[in-house]
Each structure stands twice: as C-alpha cells, then as structure tokens.
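Okay, so here's the structure we're looking at.
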Amino acid sequence: MERKGIQSALKNLNEYFASVWTLMSDTTIFLSNNTKIFYQYESQLRELRHRLERNRKNSEVLQEVRQELVIIRKALRMQGYNLRLGSLDLRLEGFRNDEALSDGFSRCVLFLLEDGDIIYITGTSNHIELDDALERRQAAKGYRPVIGKHFLWFKWENRVLILSGAASETKDDFDEFREYVAENKSNILRRLSKMGG
C-alpha cells in the first residue's frame, strides 16, 4: 500500500514537472517567435530552465518556477500580447501553382489595411474571383484604405501556418509581404489564427 502511495506521488510530481516544462516552452516559443522583446527575458528563461532541469523532483522549486512564469505571462498580457498564440507559428514558402490543391493547400486573398487590420477571404474560386468578393465585402462594410493585397496559398501543418505566393502574386509583392511578416508576425497570426480551409 505504501509503495502505491509513493508511486502515485512520483507520478503526480512527474505530471506537475511536465506541465511546468510545457508552460516554460510555450512562453519561450511565444517570446522568440511573436515579439521583439525576447532578449529582455532570455537570461531569466535560461535560468528558470536550468532550475527546472536540476530540480525536477523538488515540488517547491517547481512551484517557484511556475509562479515566475505566471508573472512573466501576466506582464506580457498587460503589454497587449495574446499568449494563446504562443504555440502557433507562421512560415513563408516561395510560390505554388494549382497543384498546391493536391498538397492540401487552399486559396486565400489577404488585404493589409492602413489602420493595421488584416482582412482575408478563402475559398475554392480562383484568386481573382476571391479578390473581387473581398472588394465587394469591404465596400459593403465601408471602405478602408488598403496598403497591400496578396494572393496566397495556405495550409496549417502542426500548428504552423504555411503561406505561399500564387500565380497572381508578383515576386515584388511577395517580397514586400515577407518584410511585413518579419515586422508584424504576431499581428498576422492573431488575425489569421482561425483561417480554415
């Protein structure tokens, strides 16, 4: 009976360690992929990771590390970051043609608006028809200035949004989009996180 109690306690401790480790990983991934302030937390996160690795059976240390991570995450939320996006990523992959459909990709037209918003439409129509439909939708809601239009293929793969240029997307436009993504990755992920097929 006593042995079962010890095994149960160890199992619970291992599960708690795993949950703290996941919180650490999600926080680190979010900061490195979605913000420009990773450097502010890098040494603190490295130190917390070392403490976790050295004290995986010490429930007090696990609790302390978890509490520090919670404080970091609260501070990020107060700065306006959405940490639910921490496990998502975005990857740009060159250009694709209509064969992308057989690889699981779908069509998307995306408008970057002057006010920082992003609107998009997906569907089975070709990119030009999707562009027309998005123009009509925007006109019906009240026009807002568009600073960039992009004709893309997209696919979710293991919580990574893969975006590729379509035939209607020029190389220059895609290069501009690449620069925009580099500067605005967290905003794009927030806007496109519910994008479906």
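The values are calculated or read from the model by the stated rules, or taken from the named source; none is laboratory data. Predicted model only: the values in this text are computed from it and were never measured. Ideal geometry is used to build each Cβ from the backbone, glycine not excepted, and the neighbour counts take in all protein chains shown. Quick note on the areas: whole protein, heavy atoms, side chains included, nothing else; ligands and nucleic acids left out. Shrake-Rupley method; radii C 1.70, N 1.55, O 1.52, S 1.80 Å.
Okay, residues lined up against (1) among the charged types (D, E, K, R); (2) touching a residue at least 40 places away in the same chain (Cβ under 8 Å):
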| residue | (1), (2) |
| --- | --- |
| TYR143 | no, no |
| LYS149 | yes, yes |
| VAL160 | no, yes |
| ALA166 | no, yes |
| GLY196 | no, yes |
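With respect to GLU179, is the statement that it is in the same structural domain as SER106 (by the TED database), acidic (Asp, Glu) and in contact with a Phe, Trp or Tyr (Cβ under 6 Å, 6 or more places away or on another chain) true?
no
Enumerate the strands (runs of 3 or more DSSP E) found wholly within the range 98-197, keeping only those where 1 or more residues are among the β-branched types (Val, Ile, Thr) and farther than 24 Å from LEU31 by Cα.
So the answer is 106-113, 118-123, 146-157.
Given the conditions (1) surrounded by 12 or more Cβ atoms within 10 Å (Cβ to Cβ); (2) part of a helix (DSSP H, G or I), which single one is not true for GLU93?
Against the list (1) surrounded by 12 or more Cβ atoms within 10 Å (Cβ to Cβ); (2) part of a helix (DSSP H, G or I), GLU93 comes up short only on (2).
Return the pair list, or none, for Cβ contacts closer than 6 Å from residues in the range 119-136 that are closer than 15 Å to GLY165 by Cβ to residues that are surrounded by fewer than 17 Cβ atoms within 10 Å (Cβ to Cβ), at least 6 apart or on different chains.
LEU130/GLY123
From the list ALA133, ALA166, which one is touching a strand residue (DSSP E or B) at 6+ places or on another chain (Cβ under 8 Å) and surrounded by 17 or more Cβ atoms within 10 Å (Cβ to Cβ)?
On inspection, the qualifying residue turns out to be ALA166.
Just one of VAL181, VAL160 is exposed (fewer than 15 other Cβ atoms within 10 Å of the Cβ), under 30 Å from THR22 (Cα atoms) and either basic (Lys, Arg) or in contact with a strand residue (DSSP E or B) (Cβ under 7 Å, 6 or more places away or on another chain) (or both); which is it?
Sole residue among the options that is exposed (fewer than 15 other Cβ atoms within 10 Å of the Cβ), under 30 Å from THR22 (Cα atoms) and either basic (Lys, Arg) or in contact with a strand residue (DSSP E or B) (Cβ under 7 Å, 6 or more places away or on another chain) (or both): VAL160.
Select from the range 23-39 the residues that are closer than 16 Å to ASN187 by Cα and either open to solvent by 50 Å² or more (accessible area, probe 1.4 Å) or part of a helix (DSSP H, G or I) (or both) and list them in ascending order.
ILE29, PHE30, LEU31, SER32, ASN33, ASN34, LYS36 - these are the residues of the range 23-39 that are closer than 16 Å to ASN187 by Cα and either open to solvent by 50 Å² or more (accessible area, probe 1.4 Å) or part of a helix (DSSP H, G or I) (or both).
If you check LYS185 against the conditions, is it of a type outside the set (Val, Ile, Thr), outside the structural domain of THR27 (by the TED database) and over 22 Å from LYS36 (Cα atoms)?
Taking the combined requirement at face value, the residue does not satisfy it.
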